[in-house]
Amino acid sequence: MAVVESNGRRSFGTLLRELAEESVGLVRNEIRLARVEAADGLRAIGRGSALVASGAVLLLLGVLALVAGLILLIGDQWLPRDQYWLAALIVAVITGGIAVWYANQGLTLLSPKQLAPEETVTTIKETKDELVAAVKR
């Protein structure tokens with residue numbers, strides 16, 4: 001229902017049309033802004049991931065240098081006649097044992113029994129029992 005006034009004001013239909021056009025423009029601008037923000041977020045995630053990976057590689061290299069130093073220390077100071085192969089074997093057995101222990105602890109935490117939502121299962125069983133009892137009445 002368009003209303004035209006004689007004093008130069010816009011009609012109701014014109015105002016609705018302008019409102020619709022400006023709303024569409026606003027939605028488009030918001031979508032553009034969301035795309036820009038999402039792209040910025042993805043770039044930040046990429047940079048952060050690259051920095052974490054670089055740090056992990058440097059940490060691994062440091063640990064390898066530490067293990068090599070430990071092998072040299074054991075072979076040079078604690079074993080007779082500089083038996084570095086034996087020092088390397090000792091360090092490998094110790095680190096292998098630690099790795100196996102870590103793996104077992106991780107597998108225990110990831111077992112289905114640990115991951116099952118026990119409280120939810122109990123609540124569902126109780127609710128099922130209540131519904132069965134209500135149906136039997």
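The values are calculated or read from the model by the stated rules, or taken from the named source; none is laboratory data. In this text the structure is predicted, and so the values were computed from the model without any measurement. A quick note on method: Cβ atoms are made from the backbone with ideal geometry, for glycine too, and the neighbour counts reach across all protein chains shown. Surface areas here come from the heavy atoms of the whole protein model, side chains and all, with no ligands, DNA or RNA. Shrake-Rupley method; radii C 1.70, N 1.55, O 1.52, S 1.80 Å.
Below, the figures for the structure above:
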read-out: Residue list for region 96-137, filter: open to solvent by 100 Å² or more (accessible area, probe 1.4 Å) and polar (S, T, N, Q); value: Gln114
read-out: Sole exception among (1) at pLDDT 90 or above; (2) touching a Ser or Thr at 6+ places or on another chain (Cβ under 8 Å); (3) open to solvent by 80 Å² or more (accessible area, probe 1.4 Å) for Val93, by number; value: (2)
read-out: Criterion: part of a loop (DSSP other than H, G, I, E, B) and at pLDDT below 95 - qualifying residue of Asp82, Asp129; value: Asp82
read-out: Residue selected from region 94-122 under the condition among the hydroxyl-bearing types (Ser, Thr, Tyr) and assigned to a helix (DSSP H, G or I), by the criterion nearest to Ile74 (Cα to Cα); value: Thr95
read-out: Test: residue in region 58-79 that is among the charged types (D, E, K, R), open to solvent by 80 Å² or more (accessible area, probe 1.4 Å) and out of contact with any Pro (no Cβ under 8 Å at 6 or more places or on another chain); value: no
read-out: Extreme residue, farthest from the chain's Cα centre (by Cα), among residues of region 21-57 that are under 30 Å from Thr95 (Cα atoms) and open to solvent by 80 Å² or more (accessible area, probe 1.4 Å); value: Val57
